[in-house]
Amino acid sequence: MGDRAIIHVDMDAFYASIEQRDNPSLRGKPVIIGGASDRGVVCTASYEARRYGIHSAMPGKLAKRLCPDGIYLPVNMKKYKETSKEIHNIFRRYSSIIESISIDEAFLDVTDKDYIMIAKNIKRDIKNELELTASVGISMNKLLAKLASDIEKPDGFTVIKKGEVIQLLKPLPVTKLWGVGPKMERELNKLGIYYIEDIQNYDVNVLISLFGKRGKELYDFSFGLDYRPIEDHILNQSIGEEETFHEDIRDVNILIDKLKLYSINLSNKLIKKGYLVKTITVKIKYDDFSIETRSMTLNIPTNDHITIFSTSKHILLSKFKMEKKVRLIGLTLSNLIYPEDPIQLSMKME
Ligand SMILES: [Mg+2]
């Protein structure tokens, strides 16, 4: 297996499966979450709906043309988040090193543990306790574990072993590599790179000269090499508030007042979700539309509005030049974490 053992868990058609679980009359039917309004987009389509060609991020209008008899439901985020927390409670039985990458996906570091047994148990617990299915991928790093969970969806269970990595990667399109979206795909296509094998055969120095650090990473990824750690407890999400002023502002006190208001609102959000914040970022857009952002990372994570406010004020006063009028000010909290102490967490959730 290599030095590490990583499990990637990805829930199957998460939002739609929850709705089908809670309302038996929806089972076996094309259920589409989001996209109810013509201007909205599809968040999740049940597997029955996918047979009509519907997929997430598709405009609602198009989905309805493909499947006019589908059942279109609004997004019930509160319910999905609660379910996500229950899934995380299951994860915590098996590993304390967990990285959530979205509401329905996470990595677990299970190095030196019986990873096959753990992956089976996680699937079993999710099925028995939450009546949902997950696809799991197991391999020696995040890149390969995520790739593995996608191979057999839904209800999948896939292990990628060290010896089979390079052959397995060769014929896959470049978009299967972490972080290769449509834009990067076009860039690579211009170089005649369509498949992962093409990257394996490319001159790494050319990739580096074109894409910098990302070029080296792509080259490594094409051989299944990925050294990124599991970012324990850190949620890959952020929350923020920003506002464009009616008139451009020069008075710094107005900006400070805004930060104070944002801090209170965002602190309330953190408390409601049971999260703490580590990184605080202030963003300013000037009257010429240029944007500057400055951040600070706290030694001790917090949800306290006074700490968030005093930090953001300090960032504003010490890290921005403020030579131009301000059109917009924003405050973002990222590196959100679950408190390490599960008792503290359960109290906050009530
Ligand atoms: Mg999923």
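The values are calculated or read from the model by the stated rules, or taken from the named source; none is laboratory data. Keep in mind it's a predicted model, so treat the numbers as computed, not measured. As a convention, Cβ positions derive from the backbone with ideal geometry for all residues, glycine included, and neighbour counts pool all protein chains shown. Quick note on the areas: whole protein, heavy atoms, side chains included, nothing else; ligands and nucleic acids left out. Shrake-Rupley method; radii C 1.70, N 1.55, O 1.52, S 1.80 Å.
For a modelled paramagnetic label at ASP22, 7 Å from Cα along Cα-to-Cβ, the residues of segment 127-141 in reach, with backbone nitrogen under 19 Å, are 127-134.
What the Kirkwood sum gives for segment 1-160 is a hydrodynamic radius of 16.2 Å, with every pair of different alpha carbons counted. Across all Cα pairs in the chain, the calculated P(r) in 10 Å bins from zero up to the longest distance comes to 5, 19, 24, 29, 18, 4, 0 percent per bin. Based on C-alpha pairs under 8 angstrom that are at least 6 apart in sequence, segment 165-222 has a relative contact order of 37 percent. Within the chain, the longest segment free of exposed loop sites, counting chymotrypsin sites (Phe, Trp or Tyr not before Pro) that fall outside DSSP classes H, G, I, E and B and have at most 11 other Cβ atoms within 10 Å, spans 1-226.
Per residue, segment 1-160 exposes 44 Å² of solvent-accessible protein surface, assessed with a 1.4 angstrom probe and all protein chains in place. Amide hydrogen proximity for GLY34: with H placed 1.01 Å from N in the peptide plane, the residues at 5 or more positions away or on another chain lying under 5 Å are CYS43, LEU73, VAL75.
Comparing Cα centroids, segment 82-139 and segment 1-54 end up 18 angstrom apart. Taking all Cα-Cα distances within segment 165-222, those exceeding 17 Å account for 24%. The helix-only estimate of mean residue ellipticity at 222 nm for the chain, built from DSSP H runs of length n ≥ 4 each weighted as -39500 (n - 2.57), is -12000 deg cm²/dmol after division by the residue total.
Using the 1.4 Å probe convention, the accessible area of segment 169-310 works out to 56 Å² per residue with neighbouring protein chains retained. Taking all protein chains as shown and a probe of 1.4 angstrom, THR133 keeps an accessible surface of around 40 Å².
Give the carbon-plus-sulfur fraction of the accessible surface of the chain in %, rounded to a whole number; probe 1.4 Å, heavy atoms of protein chains only.
Values: 9300 of 17860 Å².
Answer for the chain: carbon and sulfur cover 52 percent of the accessible area.
Among the listed pairs LYS29/LYS64; LYS85/LYS113; LYS258/LYS321; LYS269/LYS324; LYS213/LYS278, those whose Cα-Cα separation exceeds 20 Å are LYS85/LYS113; LYS269/LYS324; LYS213/LYS278.
Between ARG92 and LEU210, what length in nm is gained on full extension when 0.36 nm per residue of separation is reduced by their alpha carbon distance?
Once the chain is fully extended between ARG92 and LEU210, it gains 38.3 nm.
Legend: translational diffusion of segment 164-321 by Stokes-Einstein, Rh = Kirkwood radius over C-alpha pairs, 37 °C, 0.692 mPa s; D = 171 µm²/s.
Taking Cα atoms, how many degrees apart are the long axis of helix 305-319 and the longest axis of the chain, rounded to 10 and kept between 0 and 90? Approximately 70 degrees, to the nearest ten.
Given a cut-off of under 8 Å on Cα pairs at least six residues apart, what relative contact order in percent is computed for the chain? In percent, rounded to a whole number, it is 15.
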